[in-house]
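**Q** Below is a structure I'd like to ask you about.
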Amino acid sequence: MSLWVDKHRPRVLDDLHYHAGLSARLRALAASGDFPHMLFYGPSGAGKKTRIACTLRELFGKGVEKLKIDQRVFLTPSKRKLDVNIVQSNFHIEITPSEAGNYDRVVIQELLKEIAQTQQVDLSAKQRFKVVIINEADSLTRDAQAALRRTMEKYMSNMRIILCANSTSRLIAPIKSRCLLVRVAAPDETKTIEVLRYVGKKEGFDVPDKIAHEIAEDSNGNLRKAILVLEALKMQSTDLDKPLTIAKPDWETYCHKVADMIVQEQSPQRVMDVRAKLYELLSHCIPPTVVLKTIADRVVDQVDESLKADIMHWAAIYETRMRVGNKKIFHLEAWVVKVMSLYKHFFYDIDMSGFDD
Amino acid sequence: MSFFQPQTRSAPQKQAADPQHQPWVEKYRPKTIDDVSAQEHTVAVLRKTLTSSNLPHMLFYGPPGTGKTSTILALSRQLFGPDNFRSRVLELNASDERGIAIVRDKIKNFARQTPRAQAVSSDGKTYPCPPYKIIILDEADSMTQDAQAALRRIMETYARITRFCLVCNYVTRIIDPLASRCSKFRFKPLDSMSTSTRLAEIASKENVPVTDAVISALIDTSHGDLRRSITYLQSASRLSMSTDPPTDIIPSDIEEIAGVVQSSVINNLATTLGVELVSSDAMDVDSSNGVKAKGFDAIRKTVKGIIRQGYSASQIISQLHDLIIEHPTLSGRQKAKCALAFAEADKALCDGADEELWILEVALRVHKALST
């Protein structure tokens, strides 16, 4: 019994529900025998992986669905051992190099060269090349990306690379210029509803208009989330016609609580309380960026128009510092204090222009 | 023996099938240095070395796709010919391990060998084949400082029999002692004339019908990077060939492949920020119903919409930048403030900051700058 997300995941390009133009292009590319390196990018839950899987299926036929998981050991220059999980079939291999952290360069160099230098032995294979899928390509280090550059050109005859990333901002230009960029946009609301209906029909029930709308709005373009929510609701109550509320995840309500606390009172005591709550969130492995964004979103809803821009400004600044820095809680706290002081000064009408930097 | 024969026969066939599926970038890599587009100065200097059989250590630097690697490969091929190429040229790039150990062993060993006397080349042509070897260190700016330092003495000791060619994008990342040992060649971004002639040449060889509009779209999106424009051309032709029936390439195909954000999206964002659109083509129905600066919530909504579309933040920022900086009616002060915001956002994005927050931040700051 698998989740609906996996159960109803389209397997071939024809089954995809949206971006029909994109599917046609992918099919055409797969058929032409002249397949380029590709870079899929788009927000999460938009269907990047699904499209990659469908393209592979189009390229190699059913064989790609026979997957096996391997664990490989790589040796870093300092003789440390790295374990990396590899998912592979006879025709492709899938890696997430960011698992190896700072040593992803070693993984890229060794693995890609190994694959690139072996030819396809299966004579009945449809294509002469193997495909390497690199997940989370935007978290590759610069060294690893540099290592990809020449490899991509040199071993073009034996290997194609498919990169999968959330954004192209962090990829170096040479990589981008060697790939065919494919943007996978998130589905809009009508498309999401369409898919929800389809899933409902497959499971043997109708999704009422109202609930479909609510789910689509709540999911914010993340189709995976939408389908998971639908399944959760269905499990809660078999009758979807009754008024239902989409349960927010715990951490989200918790973040909202923190935001309310910030707006209610601004004092050193409150800062300590907020700090305790933030620690709680972080210790439950909620990414600090998500925490900051959720709280900031909630705070700006409750404050005066003239403060909103400043609050977002500082959120952006402290978020960057958080990435560069090491200790996340410092920056979260600093932002909280900043917001409190902004708010307080706004109330007592003190000119803050001197503190603009 | 008969058991092995079919195998040995089939191997060369496979190799021969390759060129069709080769990337055009490799297929049309210049064979001689005279084929290299644009870089007249560098080519003029290097051509002399073909006759004089003397070559300094070289440092090629310049933006990606300007022909640095192509030039040195073409030069060494012309110098040594296909037979001696393997024994005389060592090419190392960032995909090879290039730590200090490799510099000490592999590079040093190769540098130390005395080149053999020239054999008669198989294709009947005579090559200058000067008495030295060439070591090409591609993407040298990704070598560590230590590895570069280890090269210093090697370069001098074996200068009699070995020439180094460092190829890099950022000359500042090469340590001074190395840079001062080399004669530097700067590769400038290609001007649009040479790009368009080269693209037209490739297109005609590949039998791809291209219009002038397509070529200019390629030039606009590639910013002087010839490799990028050739890749785009190949991708576009693949896409257009493989549809049924084959369609002609249109400029919007190129923009989609290059990841350029549609101008309507950018214009919509700009209108929300209170930028007056004056260019004639931007005046569609939506923007004509009054340009008024909207509040925080409207901006946030627009930004969220853009993020959902999956556009890359750096691309959005660079296009918004072009729009605002070239805007005819904004004051210098406003533009300066916007430029500051763009610069900070770019740095933050390079550091890996959250895209949505920074697009929103840029949007809000531009909005603020324009409304005061």
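Only the coordinates and a few stated rules stand behind these numbers; no lab work does. Being a predicted model, the structure only gives us computed values, none of them experimental. Ideal geometry is used to build each Cβ from the backbone, glycine not excepted, and the neighbour counts take in all protein chains shown.
**Q** Tell me, what is the percent relative contact order of the range A:189-236, built from C-alpha pairs under 8 Å that lie six or more residues apart? Before the final figure, lay out each step's value.
**A** Working: 29 pairs, mean separation 19.3, N = 48.
Relative CO of the range A:189-236 lands at 40 percent.
**Q** Just for the Cα atoms in the range A:215-254, what are the lengths along the principal axes, largest first, rounded to whole Å?
**A** 26, 23, 15
**Q** Could you give the semi-axes, largest first, of the ellipsoid that matches the range A:19-183, computed as the square roots of 5 times the alpha carbon gyration tensor eigenvalues and rounded to whole Å? Walk me through the numbers before you get to the answer.
**A** Values: eigenvalues 113, 73, 44 Å².
The equivalent ellipsoid of the range A:19-183 has semi-axes of 24, 19, 15 Å.
**Q** Averaged across A:165-172, how many Cβ atoms of other chains sit within 10 Å of each residue's Cβ atom?
**A** For this peptide, the per-residue mean of nearby foreign Cβ atoms is 6.
**Q** Considering chain A as a Gaussian network with a 10 Å cut-off on Cα pairs, which listed residue, A:Asn166, A:Asn102, A:Asn220, attains the greatest mean-square fluctuation?
**A** Its mean-square fluctuation being the largest, the pick is A:Asn102.
**Q** Quick one: length gained pulling A:Lys201 to A:Arg275 fully straight, 0.36 nm per residue minus the C-alpha distance? Numbers along the way, then the final one.
**A** Numbers: separation 74, 0.36 × 74 = 26.64 nm, distance 4.67 nm.
Full extension of this stretch gives 22.0 nm more.
**Q** Longer than 18 Å from Cα to Cα, which of A:Lys257/A:Lys293; B:Lys304/B:Lys337; A:Lys7/A:Lys234; A:Lys225/A:Lys248; A:Lys327/B:Lys304; A:Lys210/A:Lys257 are they? Say none if no pair is. Working shown, then result.
**A** On the way: A:Lys257/A:Lys293 14 Å; B:Lys304/B:Lys337 23 Å; A:Lys7/A:Lys234 16 Å; A:Lys225/A:Lys248 12 Å; A:Lys327/B:Lys304 28 Å; A:Lys210/A:Lys257 28 Å.
B:Lys304/B:Lys337; A:Lys327/B:Lys304; A:Lys210/A:Lys257, as the Cα separations exceed 18 Å there.
**Q** On each of the three principal axes of the Cα atoms of the range A:113-209, give max minus min coordinate, whole Å, ordered largest first.
**A** Extents along the principal axes: 54, 39, 18 Å.
**Q** With springs only between Cα atoms under 10 Å, which of A:Asp34, A:Asp138, A:Asp297 fluctuates most in a Gaussian network model of chain A?
**A** The residue that fluctuates most here is A:Asp297.
**Q** So, one more: With r defined as the distance between the Cβ atoms of A:Asp34 and A:Asp188 and R0 fixed at 35 Å, what FRET efficiency is calculated, to the nearest 0.05? Walk me through the numbers on the way to the answer.
**A** Working: r = 33 Å, r/R0 = 0.93.
According to the calculation, E is roughly 0.60.
**Q** For B:Ser194 and B:Thr157, compute 0.36 nm times the residue count separating them, minus their Cα-Cα distance, and round to one decimal in nm. The partial results should precede the final answer.
**A** Details: separation 37, 0.36 × 37 = 13.32 nm, distance 4.04 nm.
Using 0.36 nm per residue and subtracting the Cα-Cα distance, I get 9.3 nm.
**Q** May I ask for log10 I(q)/I(0) of chain B at q = 0.14 Å⁻¹, from a Debye sum over the Cα atoms as equal point scatterers with solvent left out?
**A** One equal scatterer on each Cα of chain B leads to -1.22.
**Q** Which log10 I(q)/I(0) values, to two decimals, does the range A:189-236 give at q = 0.31 Å⁻¹ under the Debye formula with one point per Cα?
**A** -1.33
**Q** For A:Arg178, what is the net charge nearby, where nearby means another residue's Cβ is under 12 Å from its Cβ and Lys, Arg count +1, Asp, Glu -1? Walk me through the intermediate numbers first.
**A** Working: positive: A:Arg149, A:Arg150, A:Lys154, A:Arg160, A:Lys176, B:Arg227, B:Arg228; negative: A:Glu153, B:Glu26, B:Asp225.
Local charge sum for A:Arg178: +4.
**Q** How far apart, in nm, are the 7 Å Cα→Cβ label points at A:Phe347 and B:Lys184?
**A** 5.9
**Q** Then there's this: How about B:Lys184: which aspartates and glutamates have a C-alpha closer than 13 Å to its C-alpha, ignoring those fewer than 8 places off in the same chain?
**A** B:Asp176
**Q** Also, quick follow-up: Can you pull the semi-axes for chain A, root of five times each eigenvalue of the Cα gyration tensor, sorted largest first, whole Å? Please list the in-between numbers first.
**A** Values: eigenvalues 345, 170, 63 Å².
That gives 42, 29, 18 Å for the three semi-axes.
**Q** For the pair B:Thr126 and B:Ile102, how long in nm is the line joining their label points, each one 7 Å along Cα→Cβ?
**A** Modelled inter-label distance: 3.8 nm.
**Q** Another question about this same structure. How large is Rg over Rh for the range A:250-356, taking Rg from the Cα atoms and Rh as the Kirkwood inverse mean of 1/r across Cα pairs?
**A** Numbers: Rg = 13.0 Å, Rh = 13.8 Å.
Expressed as Rg/Rh, it is 0.94.
**Q** Can you tell me, using C-alpha contacts under 8 Å and at least 6 residues apart, the relative contact order of chain B as a whole percent?
**A** Values: 444 pairs, mean separation 56.3, N = 372.
This gives 15 percent for chain B.
**Q** Related question: Using alpha carbon centroids, what distance separates the range B:156-199 and the range A:96-137, in Å?
**A** 31
**Q** Rounded to the nearest 10 degrees, what's the angle between the helix A:142-154 long axis and the longest principal axis of chain A, both from Cα atoms, 0 to 90?
**A** 20
**Q** While we're on this one: Sequence gap at least 6, Cα distance under 8 Å: using those rules, report the relative contact order of chain A to the nearest whole percent. Don't skip to the end; give the middle numbers.
**A** Details: 451 pairs, mean separation 53.0, N = 357.
Contact order relative to length: 15 percent.
**Q** How many Cβ atoms of partner chains, on average, are near each residue of B:220-229 if near means within 10 Å of its Cβ? Don't jump to the answer; show the numbers that get you there.
**A** Values: counts 0, 0, 1, 1, 0, 3, 1, 4, 5, 1.
Going residue by residue through B:220-229 and averaging, the value is 2.
**Q** For A:Lys130, go through the aspartates and glutamates and keep the ones whose alpha-carbon is under 18 Å away, minus same-chain ones fewer than eight residues off.
**A** Within the straight-line limit of under 18 Å, A:Lys130 reaches these aspartates and glutamates: A:Asp34, A:Glu58, A:Glu65, A:Asp70, A:Glu94, A:Glu110, A:Glu114, A:Asp122, A:Glu153, B:Asp18.
**Q** Test of understanding: what is the full-extension gain from B:Glu26 to B:Glu40, defined as 0.36 nm times their sequence separation minus their Cα-Cα distance? Could you put the intermediate results ahead of the total?
**A** On the way: separation 14, 0.36 × 14 = 5.04 nm, distance 2.15 nm.
Additional length available on full extension: 2.9 nm.
**Q** Put a dot 7 Å past each Cα toward the Cβ at A:Ile246 and B:Val171; how far apart are the dots in nm?
**A** 5.6
**Q** Treat every Asp and Glu Cβ in the range A:37-130 as -1 and every Lys and Arg Cβ as +1, leave all other atoms uncharged, and give the resulting dipole magnitude about the Cα centre to the nearest 20 debye.
**A** Working: 16 positive and 10 negative charges, 18 e Å.
Charge dipole of the range A:37-130: 80 debye, to the nearest 20.
**Q** With just the Cα atoms defining each centre, how far is the range A:33-63 from the range A:250-317? Give it in Å.
**A** Answer, in whole Å: 38.
**Q** For chain A, what is the charge dipole size about the Cα centre, in debye to the nearest 20, if Lys and Arg each add +1 at the Cβ and Asp and Glu each add -1 at the Cβ? Kindly include the intermediate steps, with their values, before the conclusion.
**A** Numbers: 53 positive and 47 negative charges, 413 e Å.
Once rounded to the nearest 20, the dipole reads 1980 debye.
**Q** Under a 5 Å amide H to amide H cut-off, with H placed in plane at 1.01 Å, what residues pair with A:Lys130 once short-range neighbours are removed?
**A** Here A:Met159, A:Arg160 satisfy the definition.
**Q** Can you compute the radius of gyration and Dmax for the protein assembly as shown, using only the Cα atoms, both in Å?
**A** Cα-based Rg and Dmax for the protein assembly as shown come out at 28.6, 96 Å.
**Q** Now, a different point. Using a simple charge model, +1 on the beta-carbon of Lys and Arg, -1 on the beta-carbon of Asp and Glu, nothing else, what dipole does the range A:189-236 show about its Cα centre, in debye to the nearest 20? Provide the component values of the computation, followed by the final result.
**A** On the way: 8 positive and 9 negative charges, 42 e Å.
The dipole magnitude comes to about 200 debye.
**Q** Could you run the Karplus curve 6.51 cos²θ - 1.76 cosθ + 1.60 with θ = phi - 60° over the range B:134-141 and give me ³J(HN,Hα) per residue in whole Hz, x for Gly and Pro?
**A** Along the range B:134-141, the couplings run 10, 10, 9, 9, 6, 6, 5, 6 Hz.
**Q** Under the definition of partner shielding as Cβ atoms of other protein chains within 10 Å of a residue Cβ, what is the mean value for peptide A:19-31?
**A** Per residue, the number of nearby Cβ atoms from other chains is 2 on average.
**Q** Choose one answer from A:Tyr41, A:Tyr343, A:Tyr198: the residue with the largest mean-square fluctuation in a GNM of chain A with alpha-carbon springs under 10 Å.
**A** Looking only at A:Tyr41, A:Tyr343, A:Tyr198, the largest GNM fluctuation is found for A:Tyr343.
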